[in-house]
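The values are calculated or read from the model by the stated rules, or taken from the named source; none is laboratory data. Everything quoted here is computed from the prediction, not taken from an experiment. Cβ atoms come from the backbone with ideal geometry, glycine included; neighbour counts cover every protein chain shown.
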Amino acid sequence: MLNNTNTDGGGFGAPPAASDTGCAGGQNRSAQRSRLSQAGGWLKGKAAVVSMAGLALAACALTLPAVVKAQEKVLNVVPHSNLAILDPIWTTAYMSRNHGYMIYDTLFGTDAKNEVKPQMVETWLVSADRKVWEFKLRDGLEFHDGNPVTSEDVIASLNRWGKRDAMGVAMYSFVDRLETISVNRFRIVFKEPCGFVLEALGKPSSNVPFIMPKRIADTDPFKQIAEHIGSGPYTFKADEFKPGDKAVYLKFRNYKPRPEPASGTAGSKEVFVDRVVWNLALRDGQAGLSALIKGEVDILEQVAFDLYESATKESAISVLKPTIGLQYMCRFNHLHPPFNKPEVRRAALASFSQEAFLRAQVGVKELYKPCPSMFTCGTPYGSAIGTDVQSKSNMKLAQELLKKSGYDGTPVVVMKPTDLMSITKLPDVAAQLMRQAGFKVDLQAMDWQTLVSRRAKKDAPAQGGWNMFCTAWVSPDIWSPINNAALDSRGEKSGWFGWGEDAKLEELRAQFLRATDDEGKKKLAEQIQSRAFEVATHAPVGEFVQPVGLRKNITGLNVSGLANIYWGIRKD
């Protein structure tokens, strides 16, 4: 949704990236002012032409951190949630994805027209039988620790991603091997032609195939990484990171942007600010909007739906609607009772009226619409085929299905996030509807990052596990049977939480991966959706767009909706 960059500060020049101050500290401010005055007098006495840049250099030489720091251009952002998990491959959480875009780079990107473009890659070749793909990296790619990006780093990163991401798993089902050709060239050899290689390598959202140093990428994909170094446009200030308080990023001055204009997650990732600060403590919607109006922050990632109309009337800010929306989804845990039985899941699905969810959570008609499909409505695979259990359901049907399912009254543990405005009401609606259908519901409140950690547990609900949670996916993440993580039905081997298992669904998805004509793909997508509703993999509960707020001196914000990204923005 967002994209950020700001112009370098005025004539004082940019402070060194490795330090908050740019020069040594230890002097009090009066001494600093005195030395600065002396420096200015000395220069004047020498009849020198004193530029502001020169004076800044003198100040730095005289250890004036406060003066230099005052010239930093800082972008203050209120993200949509807290940041606690820093591994964007271990989880699909969008805060972790957004953190990833700050510090990592990608081989390919997806522009605002949904076209895949090269990013770290300079050129690539494909063999006549489409089984061998060779890639050459751009010159000048460097990690934040000073080491060059190599083919070995790329291969290790792709191997880790390919074990967690739904689209990565799908691509790797075709892969024979990955191998280095030289320091900056590598190849992927496929067992059979794969028709979505670039779409997978350039996918814009979770899980994004970010490139990490090999030593980090070699981490078990089911364990979190402990070091956070990439080659992206920002470096992460680990020493200033405080979950629940703030996350800080500094401009990486050795980053080499592409020459093309920024578009979506592709093109130039040029940074025009020295420092980006994510305010992780400001979680109240009204407080966040007030801070934006007063100029205490520059960007508010999510304008609360109930504040949308009043926010659009504020003269100091702009409220923008992304061009790409999101889909709400409630996900069942297939491992434990009662949702280990598809009949019980179908009963819950039948009770879920999308209008009830959308009206309660969003409320603003221009910002939401019901969509019966598990794929984004308005895209080639979005349709109502096979959706009757939900799209034409009613509470009486839900009650009948639950009675026939043999449900024994096992409580359904529904996790409710307390600090994520865009979804916090969804669990309440789900609980109310399921209770009407005859379920016993245990609604448990927690912050979003706790929920994100807990949903990775396969323990029984009584031992700290769960039965259901609700979330939202940006449209590109769910508009195809390949990348819709909720359709991954490999059981406990599945990459996404809920661990659904269905051999028929997996066979249909395997056929889709190998289909070459559009009509064939569309028919298979319809069969996949029908089967997914039949076994109730999850419940789609409508689509929406999330408004973004920003000060009017902020320009260049990316509102494609593909991801929350912070390059290309200028702060005047």
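Is region 497-507 home to any residue that is surrounded by 16 or more Cβ atoms within 10 Å (Cβ to Cβ), touching a Phe, Trp or Tyr at 6+ places or on another chain (Cβ under 7 Å), on the phi > 0 side of the Ramachandran plot and modelled with pLDDT of 95 or more?
Checked against the condition, which is being surrounded by 16 or more Cβ atoms within 10 Å (Cβ to Cβ), touching a Phe, Trp or Tyr at 6+ places or on another chain (Cβ under 7 Å), on the phi > 0 side of the Ramachandran plot and modelled with pLDDT of 95 or more, region 497-507 yields at least one hit.
State yes or no: is residue 189 in a strand (DSSP E or B) and either closer than 29 Å to residue 140 by Cβ or polar (S, T, N, Q) (or both)?
yes
Results for (1) crowded, with 17+ Cβ neighbours inside 10 Å; (2) aromatic (Phe, Trp, Tyr); (3) assigned by TED's automatic domain parsing to the domain that holds residue 219, shown as yes or no for each residue.
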{"residue": "107", "(1), (2), (3)": "yes, no, yes"}
{"residue": "112", "(1), (2), (3)": "yes, no, yes"}
{"residue": "117", "(1), (2), (3)": "yes, no, yes"}
{"residue": "121", "(1), (2), (3)": "yes, no, yes"}
{"residue": "128", "(1), (2), (3)": "no, no, yes"}
{"residue": "135", "(1), (2), (3)": "yes, yes, yes"}
{"residue": "154", "(1), (2), (3)": "yes, no, yes"}
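State the number of residues belonging to region 322-351 that are assigned to a loop (DSSP other than H, G, I, E, B) and touching a Pro at 6+ places or on another chain (Cβ under 9 Å).
Result for region 322-351: 7.
Hey, among 275, 283, which residue is assigned by TED's automatic domain parsing to the domain that holds residue 81 and within 19 Å of the chain's Cα centre (by Cα)?
Going through 275, 283 in turn, the sole match is 283.
Just wondering, is there one or more residues in region 361-380 that are in contact with a Ser or Thr (Cβ under 6 Å, 6 or more places away or on another chain), assigned by TED's automatic domain parsing to the domain that holds residue 518 and of a type in the set (S, T, N, Q)?
yes
I need the full set of residues from region 425-449 which are touching a residue at least 40 places away in the same chain (Cβ under 8 Å), buried (at least 16 other Cβ atoms within 10 Å of the Cβ) and out of contact with any Phe, Trp or Tyr (no Cβ under 9 Å at 6 or more places or on another chain), in order please.
428, 437, 447, 448, 449
Could you grab me the full set of residues in region 522-567 that are under 15 Å from residue 383 (Cβ atoms), touching a residue at least 12 places away in the same chain (Cβ under 8 Å) and in a helix (DSSP H, G or I)?
Within region 522-567, 522, 524, 525, 526, 527, 528, 529, 530, 531, 532, 533 meet the criteria.
I need every pair where a residue in region 86-110 that is under 14 Å from residue 211 (Cα atoms) has its Cβ under 6 Å from the Cβ of a residue that is among the basic types (Lys, Arg) and in a helix (DSSP H, G or I), sequence separation at least 6 or different chains.
That search, which allows pairs on different chains as well, returns 88/97; 89/160.
Would you mind stating whether residue 163 is of a type in the set (Lys, Arg), part of a loop (DSSP other than H, G, I, E, B), surrounded by fewer than 22 Cβ atoms within 10 Å (Cβ to Cβ) and at pLDDT below 95?
no
Yes/no matrix, rows are residues, columns are (1) touching a Pro at 6+ places or on another chain (Cβ under 8 Å); (2) touching a residue at least 24 places away in the same chain (Cβ under 8 Å); (3) crowded, with 18+ Cβ neighbours inside 10 Å:
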position	(1), (2), (3)
379	no, yes, no
382	no, yes, yes
385	no, yes, no
399	no, yes, no
402	no, yes, yes
408	yes, yes, no
414	yes, yes, yes
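Here is a yes/no grid of residues against (1) over 30 Å from residue 237 (Cα atoms); (2) of a type in the set (A, V, I, L, M); (3) touching a residue at least 12 places away in the same chain (Cβ under 8 Å); (4) crowded, with 16+ Cβ neighbours inside 10 Å:
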{"position": "255", "(1), (2), (3), (4)": "no, no, yes, yes"}
{"position": "258", "(1), (2), (3), (4)": "no, no, yes, yes"}
{"position": "266", "(1), (2), (3), (4)": "no, yes, yes, yes"}
{"position": "271", "(1), (2), (3), (4)": "no, yes, yes, yes"}
{"position": "276", "(1), (2), (3), (4)": "no, yes, yes, yes"}
{"position": "284", "(1), (2), (3), (4)": "no, no, no, no"}
{"position": "297", "(1), (2), (3), (4)": "no, yes, yes, yes"}
{"position": "300", "(1), (2), (3), (4)": "no, yes, yes, yes"}
{"position": "344", "(1), (2), (3), (4)": "yes, yes, yes, yes"}
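Tell me, please, whether a residue that is of a type in the set (Lys, Arg) and in a loop (DSSP other than H, G, I, E, B) can be found in region 312-321.
yes
Out of 366, 355, report the one residue that is farther than 22 Å from residue 332 by Cα, more than 22 Å from the chain's Cα centre (by Cα) and of a type in the set (Asp, Glu).
Criteria check complete, one pass: 366.
Results for (1) of a type in the set (Asp, Glu); (2) farther than 23 Å from residue 264 by Cα; (3) surrounded by 19 or more Cβ atoms within 10 Å (Cβ to Cβ), shown as yes or no for each residue.
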residue: 157; (1), (2), (3): no, no, yes
residue: 177; (1), (2), (3): no, yes, no
residue: 205; (1), (2), (3): no, no, yes
residue: 210; (1), (2), (3): no, no, yes
residue: 219; (1), (2), (3): no, yes, no
residue: 236; (1), (2), (3): no, no, yes
residue: 240; (1), (2), (3): yes, yes, no
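Looking at region 519-547, which of its residues are among the charged types (D, E, K, R) and crowded, with 23+ Cβ neighbours inside 10 Å?
543
For residue 570, are the conditions met, namely being farther than 21 Å from residue 196 by Cβ, touching a Gly at 6+ places or on another chain (Cβ under 6 Å) and touching a residue at least 40 places away in the same chain (Cβ under 8 Å)?
Criteria met by residue 570.
Can you name every residue in region 450-464 that is in contact (Cβ under 8 Å) with a residue 60 or more places away in the chain and more than 22 Å from residue 429 (Cβ to Cβ)?
Answer for region 450-464, where residues must be in contact (Cβ under 8 Å) with a residue 60 or more places away in the chain and more than 22 Å from residue 429 (Cβ to Cβ): 453, 456, 458, 460.
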